[in-house]
Structure formats: structure tokens, C-alpha cells
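The values are calculated or read from the model by the stated rules, or taken from the named source; none is laboratory data. All of these numbers come straight from a predicted model, not from anything done at the bench. Glycine also receives a Cβ, built like all others from the backbone with ideal geometry; neighbour counts cover every protein chain displayed.
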Amino acid sequence: MDFQPRQDTLAPPQTLHIRWPLALLAPGCCRGLAPDGDGLVNLAIAIDGATVTRIEPLIRIGGSRLPLALPAAVEPHCHLDKAFTWSRFPNPSGAMAGAMEANFREHQDRSVAAVTDRINRALQTAWRHGYRALRSHLDLGGRAGSQATWEAVTHTWDAWSDRLQLQAVALAPLEFWSTAAGVRLARQLARLGGGLGGALAHHNTQGSPWRERLAGMLRLAAEQGCMVDLHLDETCDPRSRCLEGLLDLLEQEPLPVSVTVSHGCSLAQQPPEQVRRTAERLATLHVPLVSLPTTNLWLQGRSSERRTPRLRGLAPIHELQEGGVTVAIGGDNVADPWFPGGNFDPVELWRFAVPVTHLHPWDLRGLTPFTSAPAQVLGLAWDGVLRHGCPADLILTEASSWQALLSTPQRLRILRDGRWLS
Ligand SMILES: [Zn+2]
């Protein structure tokens, strides 16, 4: 029996009628289904407890009024500890130097209570918008406020563990990882299932022994069993080639832990042959790249004069995908000195990113950066593909087509563990 829940009930659904991207339906489910021009099919899915137990085609029912549904979202790269700090630590210049300076002032002001409040607010918002997992970089490693940040993280991780899968990456100065305090933090992160991070680009590595430091950090990550996720080449300056330095090290000595690179903006300024070669190396080493369009369109391509940006801070996503690299899209900063917008809303991020990246949601390559690829980055059990036995964790939009979703902000209904959140 079909049951579409009314707005005023939170009773668990038994069967849902939805529109779904055929590319995110497991092969073997509903053979012979023909998608429409948006790559969507009409499905009836049966739910028992927290699991999808049956998937059937809705051949005769027109899809014009069924809700377009998506898998619960995964955030591959955010900064929970500084979310919502723009109002107290604004960066009106919009430039990276101003962001750094405001971020530094914010560090002096950190307390366990303040960081806990921000993380809870961020996670509450993300949860209500249908996220199921988030990886957050956190300002740690010998900075003012590091201890407060760490305490806030351990409290909040514990409090949310029954609802969200959370991963912590310590965003620390590279040299910190060669200190005794760095080794101690790596041990703590290992216990939390977290990772080691840092930020490397032409402007902050020039003249420093960064390759040796990076090699030391990778060794530490391997020893402690921590994954690695680096902010790399977050600039449109073509001289920034830290990613190549990382790949050299990984080729010399393969790591037994997962490695992710974030940003990679300057790669888009390299000659095509160089981009092709880097894509090949990333694919061979199974290193995914996370592109962060909101923050990087905001920060990169600025000049001191009032000038329209020409260079956009985007990794060459399509060329990387063509070379076999897993590319995920993340939300990065939310209302902090690095980017004033954002609200942990995966559908809003998608709506923003489609025209910016030309990732068409009616193609598989346009879908995966928002679905399966972030799940792969976090190493999650569910890849977001609908199949018998998968979690009943869905986002239902008000739209019935991609065009409608792209035209209008969406009020979302979230199904988690087979129950409506709202
Ligand atoms: Zn970031």
C-alpha cells in the first residue's frame, strides 16, 4: 500500500514514491527502466525500520509531482570550529591575508564553551539539512585556543556519534608535526579516527624545507595510522606546485593510510599536459581531490584595485575526472572570515556549484562529486547508491526535476534511519 506522509505527521513511511537519478540506482534494480531527459526515474521504495527493503519502478505514474530525492549528504571538507565567526571577526576586504588576520584574532578569543556552541550549531544545522557524515579541519597544533578546540571537539564528537559520522583533521603548521606535541596530538587523533592536515602553497612554503617537513608528517601519519588531508595550492598562482611535491613523496614511499588533497586551484593554471600527468599520478595513487568552490571563488582572483575577477579558484575538475581521479565537492567555510556565506545545506551548495563547475546533475560525472565521491573520501560503508538493504537515509526536495531544483531554493524533508526528521 502506498503512503505519502502528510506534512503534519512524522510517522515512519512504509513506501515512498520518489524521482531518483538512474545513475545512483544499483545495476540490477529495476532493469529496463528508461530515464527522462534529466536522467531521473520514478520509483516506489519500501522501507522497513532503517533500511530500504524493496525498490520497484512506477511505470504508469507521471513524475511531474513526485519529489526528486537524493541520498543523505556527506561533507568532505568543512571547518566546524570557526563556523559563524564572521559577525565577531569579519573580513571586509574578502582577501586571504585579511582572513588569516581575523582568524588569528579569533584564536586568541577561543574558549571551550564558544567552540562547543559553534560546533553544536553547525552540526544541528547540517543534521536538519540531511547530512549524514562530515569531515572537519580544525585549527589545532600549538596555536592559541588549541586546547579549548580539542576539548570542544571531543565533547561534541561524543554527543553526536549516534546521529552523524564525524572525522577530525588537525589543520596545523607543517613544522608542528615534527615536535613532541605534534606526535602527542597525532596519537590523540588516531584514537578519534582522525587525520593530520596542514596548508601548503607557494606563498607559505617558499624558502622553507617544506618537502622534508611534509615527508616527516607523512611518516608520522603512517606510524600512528592517521589519514592525511592537506590544503594544497589554494591559489591561482601557477608557481604553486606543492601537489607535485606530495605526489613525489607518495611515489617514493606509498602510505598505508588514505591521503586526500583539498583545493588544488593552481593546477588549473598549469599547461594541459601537466594537468593530464598530475591527474594520472593522482589516479594511480588513489588520491582523491576535494574542490571547494564557494570559498575559492570568494578568495581567489582578487586584486587591490576594484577589478572583476578573471581567475577563478577552481581545480580542473573535468580534466581530473577524465584522468580517473575521484573528485568531491565540499562546502568549506561557513560564515567565517574566509567566506561569509554558506549554511551547511547540501542542496544549496549543489545549486551554487552546478553553474560554477558545469557538473551536470543528469550525468554520472556530475552526480558523483556530491554523492559517492565524498562518501569514498570519508571511507563510508554506503556510497549513496540506492539498492536493496541500503540505509533509508534520504533528502526529499520540493522539486521534481533538476531544472526546478536549480531555479528555486528548496525546503527539504529529511528521512534518517527510516524516520522523518521534520
Ligand atoms: Zn578548508
Problem set entry | Selected residue (only one of GLU56, GLU75 is at pLDDT 95 or above, in contact with a strand residue (DSSP E or B) (Cβ under 7 Å, 6 or more places away or on another chain), charged (D, E, K, R) and not in a loop (DSSP other than H, G, I, E, B)) | GLU75
Problem set entry | Subset tally (residues that are assigned to a helix (DSSP H, G or I) and polar (S, T, N, Q)) for region 82-140 | 6
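Any idea which residue in region 342-357 is surrounded by the fewest Cβ atoms within 10 Å (Cβ to Cβ), counting only those that are more than 15 Å from the ligand (Cβ to nearest atom) and among the hydrophobic types (A, V, I, L, M, F, W, C)? Before you say what the answer is, go through the steps one by one.
Within region 342-357, the subset more than 15 Å from the ligand (Cβ to nearest atom) is 343, 345-348, 350-357.
Next, from what is left, pick out any that are among the hydrophobic types (A, V, I, L, M, F, W, C): 347, 350, 352-354, 356.
Values: VAL347: 22, TRP350: 24, PHE352: 18, ALA353: 25, VAL354: 19, VAL356: 16.
Top of the filtered list is VAL356.
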Problem set entry | helices (runs of 4 or more DSSP H) fully within region 157-234 counting 3 or more residues that are in contact with a strand residue (DSSP E or B) (Cβ under 7 Å, 6 or more places away or on another chain) | 180-191, 210-224
For this session: For LEU394, state whether it is within 16 Å of the ligand (Cβ to nearest atom), buried (at least 18 other Cβ atoms within 10 Å of the Cβ), aliphatic (A, V, I, L, M) and closer than 29 Å to ILE47 by Cα.
Result: no
Exercise. If you scan region 160-210, which residues turn out to be of a type in the set (Gly, Ala, Ser), closer than 25 Å to ASP383 by Cα and away from the ligand (no atom under 16 Å from the Cβ)?
Worked result: SER161, ALA190, GLY193
Exercise. Quick one: would you say LEU80 is buried (at least 20 other Cβ atoms within 10 Å of the Cβ), assigned by TED's automatic domain parsing to the domain that holds ALA199 and either of a type outside the set (Asp, Glu) or within 16 Å of the ligand (Cβ to nearest atom) (or both)?
Worked result: yes
Exercise. Which ones in region 258-286 are more than 15 Å from the ligand (Cβ to nearest atom) and under 15 Å from ARG135 (Cβ atoms)?
Worked result: SER258, VAL259
Seminar exercise, completed: Per the filter on region 321-341, residues within 18 Å of HIS129 (Cβ to Cβ) and surrounded by fewer than 24 Cβ atoms within 10 Å (Cβ to Cβ) are ALA335, PHE339, GLY341
